[in-house]
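S.K.: Can you keep this structure in mind? I'll have questions shortly.
Laboratory data are not the source of any read-out in this text; all were calculated from the coordinates shown. No experiment lies behind these values; they were computed from the predicted model shown. Every residue, glycine as well, gets a Cβ built from its backbone with ideal geometry; the counts of neighbours run over all protein chains shown.
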């Protein structure tokens with residue numbers, strides 16, 4: 001009798017496990033279970049808790065839109081963490097690009113203080129050295145370097161120069177090497 005009992009217990013536990021596996025986790029439950037984890041993952045990449053909360057919200061918006069496409073509830077937490085980290089990295093890159101563009105704008109159009117003739121001469125001499133070194137860098141490397149320094153992403157550079165996105169990083173690295181060689185006066 002105990003053998004039959006054990007077989008029935010095994011069958012019932014398998015059935016209940018199978019029925020639990022068929023039950024999909026709902027959005028509200030996923031939010032309640034993983035909100036803190038997602039926030040911490042985002043906060044580990046961005047220093048600002050406000051930005052981390054924005055990233056967390058965007059992560060759960062994406063979960064809401066893609067909940068049906070997730071096959072396995074076991075993969076939910078890693079998926080959420082991966083999405084949060086990617087969004088946080090994008091936020092950091094966007095902030096850096098925006099800061100670079102703002103700095104460039106202020107340098108170009110901001111209030112300019114009048115300085116002495118010597119300082120102006122030194123600045124112009126430095127700029128001339130930069131232009132001379134840049135003239136030695138071949139195209140499309142030079143354009144990639146200039147656009148990267150202006151804060152554009154690899155995708156934006158590739159689109160604007162009609163190049164392959166995968167080669168932009170190599171072009172920028174080579175351009176930096178050539179520029180350094182000519183700017184430091186070794187060539």
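S.K.: When segment 40-61 is examined, which residues are found to be more than 13 Å from residue 83 (Cβ to Cβ) and in a helix (DSSP H, G or I)?
M.R.: Scanning segment 40-61 gives 40, 43, 44, 49, 50, 51, 52, 53, 54.
S.K.: Restricting attention to segment 62-85, report how many residues are surrounded by 14 or more Cβ atoms within 10 Å (Cβ to Cβ) and either part of a helix (DSSP H, G or I) or in contact (Cβ under 8 Å) with a residue 60 or more places away in the chain (or both).
M.R.: 12
S.K.: Oh, and also: What's the total number of residues in segment 60-70 that are under 18 Å from the mean Cα position of the chain (by Cα) and within 10 Å of residue 31 (Cα to Cα)?
M.R.: Selection size over segment 60-70: 1.
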